[in-house]
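Just below is one structure, and these are the notes that go with it.
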Amino acid sequence: MTMKWRGWALATGVLAISAMAQAAPPTAAMLSNACAGCHGTNGGSAGPSMPSLAGQSKEAIVDAMKKFKSGARPATVMGRLAKGFSDADFVAMGEYFSKQKLHPTNQSLDAAKIAKGASLQEANCGRCHIEDGKEGKDDTPAMASQWLPYLQIQMADYLSGKRKMPEKMEEKVKPMSKQDLDALLHFYASVK
Amino acid sequence: MTLDRRNFIKLLGGASSLALAACAGTGGSFSGPTGGRRVVVVGGGYGGTIAAKYIRMMDSSIEVVLIERNDHFVSCPFSNLYIGGLMKDLSPLTIKYDKLTANHGVKVLQAEVTGIDAAKKVVMTSSGEVTYDRLVLSPGIDFRTEEIKGYDAKSTPETIPHAWKAGPQTVLLRKQLEAMPAGGTVVLSIPLAPFRCPPGPYERTSMIAMFLKQHKPKSKIIVLDANPDIVSKAGLFKKGWKKHYEGIIDYRPAKKVTEVNAGNKTVVIEGIEDVKGDVINLIPPQRAGQIAVAAGLVGPDKNWCPVNPTTFESTIHKSIHVIGDACVAGAMPKSGYSANSEAKACATNIVNAMNGKELIDFSGINTCYSFLSAKEAVEVTGVYKVDKAKNAIIAVPGSVGVSPDLSEIEAIYAESWLKNILTEMST
């Protein structure tokens with residue numbers, strides 16, 4: 001009595017083209033475009049708690065996704081979403097977003113904090129967060145123009161121990177006051 | 001019930017006579033030959049805006065005409081927060097289309113679609129005919145009001161709002177809640193799944209309960225759910241209701257509303273049990289938007305549009321693609337984020353097909369937040385792909401799940417979700 005729609009469509013001769021046989025596996029763009037609903041078109045976030053992915057290095061994205069997948073990095077949605085992709089998918093997404101231009105943001109920031117943060121960055125962080133945080137050494141993430149609330153959420157996770165700091169970062173961050181750290185984040189958010 | 005060949009032809013016949021009637025109108029500026037490179041997108045919501053924009057981003061030699069009857073779009077996601085009093089007006093949920101034109105060259109035609117001639121590849125509109133090479137329909141949902149006795153599609157929602165399409169209906173429901181006396185009763189009726197936004201009715205329950213708790217002491221909300229249990233995020237909603245709204249929410253599963261009496265503000269369950277309310281929010285059962293139904297694009301269930309899971313091309317009419325709530329997208333829920341993902345895969349494969357390139361399998365994401373209180377939210381997420389053996393979209397194992405608990409950080413991310421997805425649709 002009941003007929004599945006495919007059988008019904010075949011019987012009535014109205015089946016449109018079947019694309020299944022010749023379709024290729026998802027490309028880097030197909031995988032990455034799905035992220036853009038939250039992270040912005042081409043990975044340029046509209047803010048304020050979603051990070052931009054545009055201009056991140058492949059290594060930084062692969063490292064972040066692997067840590068989300070294993071649970072090493074605290075997350076809300078990202079832990080589960082990372083489980084939906086393979087390591088090869090992470091590399092494809094990493095390559096895709098690394099080719100996108102850094103997304104400059106306009107945020108209301110404190111000029112005095114930016115100035116203080118600039119000197120702190122140079123003295124403490126610049127060996128890994130190179131080019132004023134526009135780039136990162138190895139898998140160090142790019143910080144430039146990230147939204148301040150995103151950076152603040154991440155720093156809070158580091159300080160509470162929820163997110164583990166790399167050893168070199170811990171050495172630098174530990175002696176800093178909350179005001180120093182806040183100034184640093186203002187600086188990174190201001191870089192275009 | 002089965003749709004046999006004869007009924008199917010009748011359905012098609014109905015659609016073509018509708019089409020012929022509309023052909024009498026004067027031709028618009030898109031009525032001429034397409035040059036072989038024109039995609040027409042109908043519907044400027046979560047799916048249509050993204051399909052139009054991404055086609056232009058991927059290949060600017062393709063002409064894209066976006067047809068939408070309004071000059072703006074109001075998001076259903078987050079409209080429950082307005083109903084609950086957390087937003088002053090609907091402006092944070094409203095987008096316009098001008099930047100899609102300025103930034104991407106999408107041609108926007110504000111017009112009402114009156115019919116589709118699939119054989120001739122023509123869309124009939126209130127501003128004339130629009131010819132296409134490929135058509136993308138993102139028409140959203142319409143209501144199966146005929147399944148509720150006493151429901152008049154035009155007049156009933158004027159006093160018994162559904163508020164399941166955001167805009168004036170959303171405003172009407174909030175006004176009714178504001179005008180309700182303290183100690184009053186709100187009745188919310190939820191249809192059988194599938195419907196647009198599976199967790200939506202339960203978020204609405206939470207937001208209305210929050211409003212009552214703050215502004216209308218001793219009031220309550222009776223939830224009549226046609227489903228045997230909460231359809232989505234059930235454990236989290238139950239936990240949140242117990243935490244915040246004990247004694248305010250009266251949740252009654254397996255209570256299907258079959259009749260409404262707008263005059264004395266009563267709904268009837270299964271024809272026998274009357275429930276009266278000072279405010280009634282009746283969400284009728286749903287099907288694909290009327291445009292898709294009239295074009296004969298719904299499957300044998302007569303409600304939703306079967307599509308190829310790679311291209312989202314209708315399995316009934318060639319060169320017409322259906323995305324968003326209206327289509328059958330396998331395991332993907334009918335959500336705004338699903339529509340966003342579907343639109344991008346559809347756009348990719350339309351561009352590839354028009355350029356004689358290889359088609360690419362679908363990979364998509366769903367992320368959907370619900371608020372339980374002013375500051376706490378929960379979410380459900382999943383990654384989706386094509387299962388070739390099943391010829392359908394399935395969830396990638398391990399990727400689908402919900403928040404472990406109600407949380408404030410989820411609410412912060414939810415607000416950024418809205419900001420980003422609406423920005424993506426409008427810039």
Out of the DSSP beta bridges found with both residues in the protein assembly as shown, what percent are antiparallel (nearest 5)?
-> 55
Ordering A:56-62, B:381-387 by per-residue average of other C-beta atoms within 10 angstrom, highest first, gives B:381-387, A:56-62
Relative to the longest principal Cα axis of chain A, at what angle does helix A:111-120 sit, 0 to 90 degrees, rounded to 10?
-> 80
Going down the table (A:Lys134/B:Lys53; A:Lys137/A:Lys172; B:Lys53/B:Lys107), which pairs top 18 Å between alpha carbons?
-> A:Lys134/B:Lys53
When each of A:Lys66/A:Lys164; A:Lys58/B:Lys388; A:Lys164/B:Lys243; A:Lys99/A:Lys162; B:Lys88/B:Lys242; B:Lys265/B:Lys302 is checked by Cα-Cα distance, pairs over 24 Å = A:Lys58/B:Lys388; A:Lys164/B:Lys243; A:Lys99/A:Lys162; B:Lys88/B:Lys242; B:Lys265/B:Lys302
At q = 0.13, 0.21, 0.22 Å⁻¹, what base-10 log of I(q)/I(0) does the Debye formula yield for region A:111-190 when every alpha carbon is treated as an equal point scatterer in vacuo?
-> -0.34, -0.97, -1.08
Using the alpha-carbon atoms, what tilt in degrees (0 to 90, nearest 10) does helix A:58-70 show relative to the longest principal axis of chain A?
-> 80
What length, rounded to one decimal in nm, is gained on full extension from B:Lys99 through to B:Arg252, with 0.36 nm per residue of separation minus their alpha-carbon distance?
-> 50.5 nm
Descending principal axes extents, region B:84-150, alpha-carbon based, whole Å | 48, 45, 19
Expressed as a whole number, the average count of other chain Cβ atoms within 10 Å around the Cβ atoms of B:418-427 is 5
What order do you get for B:337-346, B:250-259, B:68-77, A:42-51 when each peptide is scored by the mean count of other beta carbon atoms within 10 Å, highest first?
-> B:337-346, A:42-51, B:68-77, B:250-259
The alpha-carbon pair-distance distribution computed for the protein assembly as shown, with 10 angstrom bins and whole-percent values, is 3, 16, 25, 25, 19, 9, 3, 0
Percent antiparallel among DSSP beta bridges confined to chain B, rounded to 5, stands at 55
Counting pairs of Cα atoms in chain B, how many percent are more than 27 Å apart?
-> 52
Against the longest alpha carbon principal axis of chain A, how many degrees, from 0 to 90 and to the nearest 10, is the axis of helix A:87-98 turned?
-> 60
Within 10 Å of each Cβ in A:45-52, the average number of Cβ atoms from other chains | 5
Fewest to most Cβ atoms within 10 Å: B:Glu376, B:Glu415 sort as B:Glu415, B:Glu376
Counting every Cα pair in region B:321-421, what percent are over 24 Å apart?
-> 31
Kindly provide the trypsin sites (Lys or Arg not before Pro) of region B:137-179 that DSSP labels as loop, not H, G, I, E or B, and whose Cβ sees at most 12 other Cβ atoms within 10 Å.
-> B:Lys154
As a Kirkwood estimate from alpha-carbon pairs, chain A has a hydrodynamic radius in angstrom of 18.5
Scalar couplings 3J(HN,Hα) for region A:160-177 by Karplus 6.51 cos²θ - 1.76 cosθ + 1.60 (θ = phi - 60°), nearest whole Hz, x for Gly and Pro, are 7, x, 5, 10, 7, 7, x, 3, 5, 5, 4, 4, 7, 6, 3, x, 7, 7
Semi-axis lengths, Å, region B:217-350, gyration tensor of Cα atoms, sqrt of 5 times eigenvalues = 36, 20, 11
Determine the distance separating the Cα centre of region A:29-73 from the Cα centre of region B:119-177; give it in Å without decimals.
-> 36
3J(HN,Hα) from dihedral phi, region B:247-259, Karplus parametrisation 6.51/-1.76/1.60, rounded to Hz, x for glycine, proline | x, 9, 9, 10, 8, 10, x, 6, 10, 8, 7, 10, 8
Given 0.36 nm per residue, what is the gain on full extension from B:Gln214 to B:Lys120 after removing their alpha carbon distance, in nm?
-> 28.1 nm
Relative to the compact-globule scaling 2.2 N^0.38 Å, provide the ratio for the alpha-carbon radius of gyration of region A:36-98.
-> 1.04
√(5λ) per eigenvalue of the Cα gyration tensor, region B:171-281, largest first, Å | 19, 19, 12
On average, how many beta carbons from a partner chain sit within 10 Å of the beta carbon of a residue in A:80-92?
-> 4
Highest to lowest packing among B:114-122, A:160-168, scored as the average C-beta count within 10 Å | B:114-122, A:160-168
TM-like helix rule applied to chain B (DSSP H, alpha carbon span at least 18 Å on the long axis, mean Kyte-Doolittle at least -1.0) gives B:5-23, B:200-215, B:336-354, B:408-426
With +1 on the Cβ of every Lys and Arg and -1 on the Cβ of every Asp and Glu, the dipole magnitude of region A:36-98 about its Cα centre, in debye rounded to the nearest 20, is 260
If we count every other residue with Cβ under 11 angstrom of B:Val383's Cβ, Lys/Arg +1 and Asp/Glu -1, where does the sum land?
-> +2
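Throughout, read-outs are computed from the coordinates displayed, never taken from laboratory work. Note that the coordinates shown come from a computational prediction; the quantities given were computed from them, not determined experimentally. Cβ coordinates were reconstructed from backbone atoms using ideal geometry, including for glycine residues, and neighbour counts include every protein chain displayed.
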